[in-house]
Amino acid sequence: MDLAHLPLDLAGLLALAAGLGWASGLRLYTTLFVVGLAGRLGWVALPPGLHLLEHPLVLGAAGVMLLVEFFADKIPLLDSVWDTLHTFIRIPAGAALAALVFGGQGVEWQTAMALLGGTLAAGTHLTKAGTRAMINASPEPFTNIAASFGEDVVVLTGLWLMFAHPWLMLALLLLVVVAAAWLLPRLWRGIVALVRGFSLPRPTAGSRS
């Protein structure tokens, strides 16, 4: 399928905006680098607002950060520190990317897409960070590594779908939103219980009757 010559209709623009917001919450730098490189090589047609992702400086910076994140995300505990720091980066970046997709459609569309992209980025970021925090409570590192590679595959698949099959991407994102709304409260309760378990004083031998 020649994605470079597929016209971006409203569904395509919506899938791109929502997909970029969603993917930013999981792998911001992978999203920036892959989408920018695909546009620069002519594999996909990017809307004018996203042409800045094709610039060599942006590609270079995104590529370096992609490598850093690839390894940081696979080291237990370091991945949670990385996620915590990126709470202040992924969510606004997801909002900005979604707004740039509709750069020529007026401020109303840009504002609406910024809200959509930021919300999706926040949902996926918080779900990812909460899941990793629970996984890091396990003493073995292999579940963490498997989860990280799984996220890599999911993001790359989603980036392809939002160009090749926008309607399918939109349907899948709707399911993701429903799943995140169900999962986030349970993750939060699990993390609170975990923190309380670590903070409770352990009984000493002398205190036993």
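Read the figures in this text as sums done on the coordinates, not as results from a lab. Only a predicted model underlies this, so the values are computations on that prediction, with no experimental measurement involved. Virtual Cβ from ideal backbone geometry, glycine too; neighbours counted across all protein chains shown.
Pull up the range 19-31, narrow it to residues that are of a type in the set (A, V, I, L, M, F, W, C) and crowded, with 24+ Cβ neighbours inside 10 Å, then point me to the one that is farthest from the chain's Cα centre (by Cα). By that ranking, first place goes to L20.
Per-residue answers, yes or no, for (1) within 21 Å of D152 (Cβ to Cβ); (2) of a type in the set (G, A, S):
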position	(1), (2)
G36	yes, yes
G49	no, yes
L77	yes, no
V81	yes, no
Q105	no, no
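Taking the residues in the range 125-139 that are touching a residue at least 24 places away in the same chain (Cβ under 8 Å) and assigned to a loop (DSSP other than H, G, I, E, B) as candidates, determine which candidate is farthest from L174 (Cα to Cα). Here the residue is A137.
Could you tell me which of the residues A62, A95 is within 27 Å of I145 (Cβ to Cβ) and in contact (Cβ under 8 Å) with a residue 12 or more places away in the chain? Step by step, each of A62, A95 is checked, and only A62 is within 27 Å of I145 (Cβ to Cβ) and in contact (Cβ under 8 Å) with a residue 12 or more places away in the chain. Within the range 65-113, the set of residues being charged (D, E, K, R) and in contact with a His (Cβ under 8 Å, 6 or more places away or on another chain) comprises D83, R90. For the range 146-166, taking the residues that are in a helix (DSSP H, G or I) and not hydrophobic (A, V, I, L, M, F, W, C), the one that is nearest to A45 (Cα to Cα) is identified as P166. If I ask for residues that are free of Cβ contacts under 8 Å to residues at least 24 places away in the same chain, among the polar types (S, T, N, Q) and crowded, with 16+ Cβ neighbours inside 10 Å, which ones from the range 106-124 would you list? Correct list: Q110 only.
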